[in-house]
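Below is one structure, written out as structure tokens, with a few remarks after it.
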Amino acid sequence: MLEPAYQADVVIVGAGVAGLSAAHRLTSQGVTVAVLEAAPCVGGRMSTEKIDGFRLDRIGQLLSTAYPELRLAPGLDGLVLRPFAPGVLLHGDGRHHRVDAPAGARSARGALRAVRALASAPRGVPGPGLVAASRRAAFRVLPGAGQGTASRVARGAAPLGGAVDQARLGAALTRLAHVPVERLLARPELPAGQALAARGLPARTIDGFLRPLLAALLCDPALTTSSRCADLALRAFAGGRLCVPEGGAEALPELLAQTLPAGTVHTGVRVTSVATTSVTTAEHGEIRCRAVLLATDAGAAAQLLPGLRVPDFHPVTVVHHTTDDPPRTGSVLLLDADRGGPVAHTAVISEVDPSRAPSGRALISSTVLGTPPPDLETAVRTHLARLYATPTHRWETLAVHHTREAVPAMPAPHDLRRPVRLLAGLYVCGDHRDTSTVQGALHSAHRATTAILKDLGAAGSMHRADPTPTAQAA
Ligand SMILES: Cc1cc2nc3c(=O)[nH]c(=O)nc-3n(C[C@H](O)[C@H](O)[C@H](O)COP(=O)(O)OP(=O)(O)OC[C@H]3O[C@@H](n4cnc5c(N)ncnc54)[C@H](O)[C@@H]3O)c2cc1C
């Protein structure tokens, strides 16, 4: 229980990855912190449901080993990432085509080594693992993987066109992996779909690979997202490995929470109002502090600070199936270039991360983007049968997780460095202040804590109102 007169230097509202990583950055500098979370557990959107030995993510989580904040954020040293290996399997023209992973990071160990190498590298200097991966980011499209039914439909021309088209795409991605972020962000900004068409790549390459890949990475099937955000997503794809956290999405926030000083995080505490020197909670009255960091989702942030903008959202549905006779595609991410049904991407996720299913059972997790069709379960099952080229009528549905406000939309023009300091003493972070990804949420926390630490350093003057930028303008 919190005492009504509890004092902390900083109160953080919300224990998603943004709030928790902000707490790490502040406590590591000797600042006392109370993280107040309305839900009974930490993690926010990165939650994992446990049913009968299965670990079912609410989100169709795709991380990249090239997300810089995964190595920069304190508290994540013990994070284990499970890469999709060999990478992506495309379902195009009714066949499977394997998109080979960047050379240099082909194995699971390779990707993990890459992350660890970066973790031990001096700040700002990429470690050898990822340098190797990104320097050789060219990929190959091969006839389909696996030895089961799936491989029998995996012959014929690749959906990306011939060898020359593939070489051009590989070269384009390799170049992208080496463009400094700031240069990427200075490029003209268009909706991603339009920008792709203007890049001079063959339509087949765009429709057969880049569209389905970007739709999956951005949770945006119409590709209205800003081309700068799309370029960042492609850059991370080209320079790293797609991966998931071992044990489920919740592993990441739980690791952050467990490694904070005891008594920092308080769950089941709903904040009802905020000011620069206190917050009011539904359960414990007023809690006084020297600064408040709002680390909720965009909607809750705007309820507490009505001037804040609320973006549109991309809805996402994740459907989990189990079977004892799984498709033999291996630990790949299967993308549908044919758009022959509601599933945007799917994986036998227990092949990627065996801890997610009990022994003898396979877990297949599939993601539907946008508003789901009324006959979702049937439509998904039928589509999966085509994608995996195997009967699915005996597969058991374990859970259907629909999140209407899943991912903040990032249409052009998108400000991905939205102000995090509203007033001296009042700050805001979360994916809606940056890019709508785990990387964006962590990065916004990084920016916000830098501002807080600077203001706390000038403690004498920190509660004087700073006219710019105000919550109204944010
Ligand atoms: C279905 C889905 C798929 C996704 N796919 C991907 C992906 O593939 N790759 C990727 O990188 N990202 C993905 N994301 C996005 C990613 O999960 C988010 O960007 C990230 O988790 C946001 O973290 P956050 O800390 O900013 O916010 P949140 O996780 O929303 O945390 C905010 C916290 O604030 C708490 N809170 C709210 N109001 C109050 C209050 N009044 N008092 C106290 N506490 C409060 C909430 O309970 C919550 O715990 C996906 C998200 C979803 C939902």
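The values are calculated or read from the model by the stated rules, or taken from the named source; none is laboratory data. Fair warning: this is a prediction, and the values are worked out from it, not measured in the lab. For neighbour counting, all protein chains shown are included, and Cβ atoms are generated from backbone atoms with ideal geometry for every residue, glycine included. Surface accessibility is based on the protein's heavy atoms, side chains included, excluding ligands, DNA and RNA. Shrake-Rupley method; radii C 1.70, N 1.55, O 1.52, S 1.80 Å.
Computed quantities for the displayed model
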{"read-out": "Positions within segment 35-47 being open to solvent by less than 40 Å² (accessible area, probe 1.4 Å) and modelled with pLDDT of 95 or more, in sequence order", "value": "35, 36, 37, 39, 42, 43, 46"}
{"read-out": "Tally of residues being more than 24 Å from residue 405 (Cα to Cα), part of a strand (DSSP E or B) and of a type outside the set (Val, Ile, Thr) across segment 252-304", "value": "8"}
{"read-out": "Enumeration of residues in segment 351-366 that are closer than 20 Å to residue 99 by Cα and surrounded by fewer than 23 Cβ atoms within 10 Å (Cβ to Cβ)", "value": "351"}
{"read-out": "Residue within segment 205-217 that is more than 22 Å from the chain's Cα centre (by Cα) and either within 16 Å of the ligand (Cβ to nearest atom) or surrounded by fewer than 17 Cβ atoms within 10 Å (Cβ to Cβ) (or both) present", "value": "no"}
{"read-out": "Considering residues of segment 277-305 that are crowded, with 19+ Cβ neighbours inside 10 Å and of a type in the set (Ser, Thr, Tyr) only, the residue nearest to the ligand (Cβ to nearest atom)", "value": "296"}
{"read-out": "Tabulated pairs, segment 76-95, first of a type in the set (Lys, Arg), second outside any strand (DSSP E or B), C-beta under 6 angstrom, 6+ apart or interchain", "value": "82/246; 82/352; 82/353; 95/153; 95/154; 95/156"}
{"read-out": "Residue match in segment 349-360 (condition: part of a loop (DSSP other than H, G, I, E, B), under 25 Å from residue 208 (Cα atoms) and in contact (Cβ under 8 Å) with a residue 40 or more places away in the chain)", "value": "no"}
{"read-out": "Odd one out for residue 65 among (1) open to solvent by less than 10 Å² (accessible area, probe 1.4 Å); (2) β-branched (Val, Ile, Thr); (3) not assigned by TED's automatic domain parsing to the domain that holds residue 397", "value": "(3)"}
{"read-out": "Residues satisfying the stated conditions in segment 386-410, i.e. within 11 Å of the ligand (Cβ to nearest atom) and of a type in the set (Ser, Thr, Tyr)", "value": "403"}
{"read-out": "Test set (1) at pLDDT below 95; (2) touching a strand residue (DSSP E or B) at 6+ places or on another chain (Cβ under 7 Å); (3) among the small types (Gly, Ala, Ser) - residue 299 fails condition number", "value": "(1)"}
{"read-out": "Selected residue (only one of 87, 53 is open to solvent by 40 Å² or more (accessible area, probe 1.4 Å), more than 24 Å from residue 447 (Cα to Cα) and out of contact with any Leu (no Cβ under 6 Å at 6 or more places or on another chain))", "value": "53"}
{"read-out": "Residue among 381, 404, 394 that alone is assigned to a helix (DSSP H, G or I) and open to solvent by 30 Å² or more (accessible area, probe 1.4 Å)", "value": "381"}
